[in-house]
Ligand code: ADP
């Protein structure tokens, strides 16, 4: 009999080890019979023989095991534990396992932190989008009411209000355009672009596109280097155009009137992160700069250093998020360097062909 029990335990251990989750088998004497290595990583070594209560301390977990030991076929719970300096969320399932005369409880822990984070991000995103749309919508509704009521006959007010309404409608349009761009970029982020693109020509054409807004802000844009040098990469031309247009637009918007923008392009023989030769294109401005505190978060959706200023210049808070996704799709990297009071440099490094 003893031999048979031993053999059973070996089989249980082998099966438990094959489950791709942290798992424990608990006996109806409330002790741990087997633990797989994923469970050992979570709860420590030498678990076999210990009372489960001394190992699993979370009240919801203990409760789930207790009701299963009491006869319920299955119990589930979700709980969050601090692991090092981060919170990890687990889906825990207890099931009764009847093996001959033995009643065992199989307890499994699945790490659902990523799913939980994605759900939270989706919630935040919807809340942000609603908030962003609500502000212009409230303004529009307010002015429509005023025009229908008190200002019905006031020619001057009507002209002024219609001007503001048209600005707010344009803001909503930009937001929807950026949201659609972001969703398109995200959906093909896993597909590697296949066109061959020459970046020097592309940069020159982006500078021409931005000439009018630059002129109206009295900003000067200079391209450094030889206009006829060629820098080839594998990419998606439309998306790369969007990257540089967004960076130039930001440099114009935030660089301040009478600022100077310099655009440079060069071959980097070896970029450590990209593990090979890269083309580095840089958009530098002479604006107020960005506090280093904000730099790591700038590419998050709707993150703005100064929301007031961003809205005043017509920003949606999505420009750099779009840039980051496009650069990721190209297996490149975005580097941001800034000195307060001096200016900011956005460098896009893309693998050279
Ligand atoms: P927005 O639509 O608000 O411009 P972005 O994603 O393009 O959104 O940029 C995020 C934030 O980063 C901006 O709100 C601004 O605070 C900051 N930022 C971007 N580019 C610059 C720059 N060249 N100089 C200073 N701040 C900048």
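The values are calculated or read from the model by the stated rules, or taken from the named source; none is laboratory data. All values reported here derive from a predicted model rather than from experimental measurement. Note: ideal-geometry Cβ built from the backbone for every residue, glycine included; neighbour counts use all protein chains shown.
Can you name every residue in the range 311-330 that is within 26 Å of residue 193 (Cα to Cα) and either near the ligand (Cβ under 7 Å from one of its atoms) or surrounded by fewer than 17 Cβ atoms within 10 Å (Cβ to Cβ) (or both)?
Applying the first criterion (within 26 Å of residue 193 (Cα to Cα)) to the range 311-330 yields 317-330.
The answer is 317, 318, 319, 320, 321, 328.
Could you list, in sequence order, all residues of the range 310-327 that are touching a helix residue (DSSP H, G or I) at 6+ places or on another chain (Cβ under 9 Å) and within 11 Å of residue 185 (Cβ to Cβ)? First the steps, then the outcome.
Kept after step one, since they are touching a helix residue (DSSP H, G or I) at 6+ places or on another chain (Cβ under 9 Å), are these residues of the range 310-327: 310-311, 313-323, 325-327.
Those that are touching a helix residue (DSSP H, G or I) at 6+ places or on another chain (Cβ under 9 Å) and within 11 Å of residue 185 (Cβ to Cβ): 318, 321, 322, 323, 325, 326, 327.
Is it the case that the range 173-192 has a residue that's assigned to a loop (DSSP other than H, G, I, E, B), in contact with a strand residue (DSSP E or B) (Cβ under 8 Å, 6 or more places away or on another chain) and modelled with pLDDT of 95 or more?
Taking the range 173-192 as the starting set, the residues that turn out to be assigned to a loop (DSSP other than H, G, I, E, B) are 188-192.
In the following step, the residues that additionally are in contact with a strand residue (DSSP E or B) (Cβ under 8 Å, 6 or more places away or on another chain) were identified as 192.
From what's left, modelled with pLDDT of 95 or more: none.
No, the range 173-192 has no match at all.
Does residue 277 fit the bill of being loosely packed, with under 15 Cβ neighbours inside 10 Å, touching a residue at least 24 places away in the same chain (Cβ under 8 Å) and either within 9 Å of the ligand (Cβ to nearest atom) or over 19 Å from the mean Cα position of the chain (by Cα) (or both)?
Details: loosely packed, with under 15 Cβ neighbours inside 10 Å: yes; touching a residue at least 24 places away in the same chain (Cβ under 8 Å): yes; either within 9 Å of the ligand (Cβ to nearest atom) or over 19 Å from the mean Cα position of the chain (by Cα) (or both): yes.
Answer is yes for this residue.
Within the range 222-232, identify whether any single residue is under 25 Å from residue 177 (Cβ atoms) and either buried (at least 16 other Cβ atoms within 10 Å of the Cβ) or away from the ligand (no atom under 13 Å from the Cβ) (or both), and answer yes or no. Walk me through it before giving the result.
First, the residues of the range 222-232 that are under 25 Å from residue 177 (Cβ atoms): none.
No - not one qualifying residue is present in the range 222-232.
For residue 351, all conditions in the list (1) under 28 Å from residue 208 (Cβ atoms); (2) within 16 Å of the ligand (Cβ to nearest atom); (3) surrounded by 14 or more Cβ atoms within 10 Å (Cβ to Cβ) hold save one; what is the number of the exception?
It fails just one condition, (2).
If I go through the range 321-352 residue by residue, how many of them are at negative phi and touching a strand residue (DSSP E or B) at 6+ places or on another chain (Cβ under 8 Å)?
Taking the range 321-352 as the starting set, the residues that turn out to be at negative phi are 321-330, 332-340, 342, 344-352.
The next check asks that each one be touching a strand residue (DSSP E or B) at 6+ places or on another chain (Cβ under 8 Å); those that pass are 323-324, 327, 330, 332-338, 344-352.
The total comes to 20.
Looking at the range 109-122, is at least one residue at pLDDT 90 or above, more than 30 Å from residue 302 (Cα to Cα) and in contact with a strand residue (DSSP E or B) (Cβ under 9 Å, 6 or more places away or on another chain)? Before the answer, list the steps.
Within the range 109-122, the subset at pLDDT 90 or above is 109-122.
So of that shortlist, the ones also more than 30 Å from residue 302 (Cα to Cα) come out as 109-110.
From the residues that got through so far, the ones that are in contact with a strand residue (DSSP E or B) (Cβ under 9 Å, 6 or more places away or on another chain) too are 109-110.
Yes, there is a match, as at least one residue in the range 109-122 is at pLDDT 90 or above, more than 30 Å from residue 302 (Cα to Cα) and in contact with a strand residue (DSSP E or B) (Cβ under 9 Å, 6 or more places away or on another chain).
What residue, of 308, 294, 270, is free of Cβ contacts under 8 Å to residues at least 24 places away in the same chain, exposed (fewer than 15 other Cβ atoms within 10 Å of the Cβ) and near the ligand (Cβ under 8 Å from one of its atoms)?
Details: 308 fails: near the ligand (Cβ under 8 Å from one of its atoms); 270 fails: near the ligand (Cβ under 8 Å from one of its atoms).
Only one candidate qualifies: 294.
So, restricting to helices (runs of 4 or more DSSP H) that lie completely within the range 1-103, which ones have at least 3 residues that are more than 28 Å from residue 113 (Cα to Cα)? Steps first, answer last, please.
On the way: elements: 2-18, 37-43, 52-55, 59-69.
Correct list: 2-18.
Please count how many residues of the range 144-166 are surrounded by 14 or more Cβ atoms within 10 Å (Cβ to Cβ) and free of Cβ contacts under 8 Å to residues at least 24 places away in the same chain.
Result for the range 144-166: 6.
Which condition from (1) out of contact with any helix residue (DSSP H, G or I) (no Cβ under 9 Å at 6 or more places or on another chain); (2) free of Cβ contacts under 8 Å to residues at least 12 places away in the same chain; (3) assigned to a strand (DSSP E or B); (4) within 15 Å of the ligand (Cβ to nearest atom) is the one that residue 337 breaks?
Going through the list (1) out of contact with any helix residue (DSSP H, G or I) (no Cβ under 9 Å at 6 or more places or on another chain); (2) free of Cβ contacts under 8 Å to residues at least 12 places away in the same chain; (3) assigned to a strand (DSSP E or B); (4) within 15 Å of the ligand (Cβ to nearest atom), residue 337 breaks only (1).
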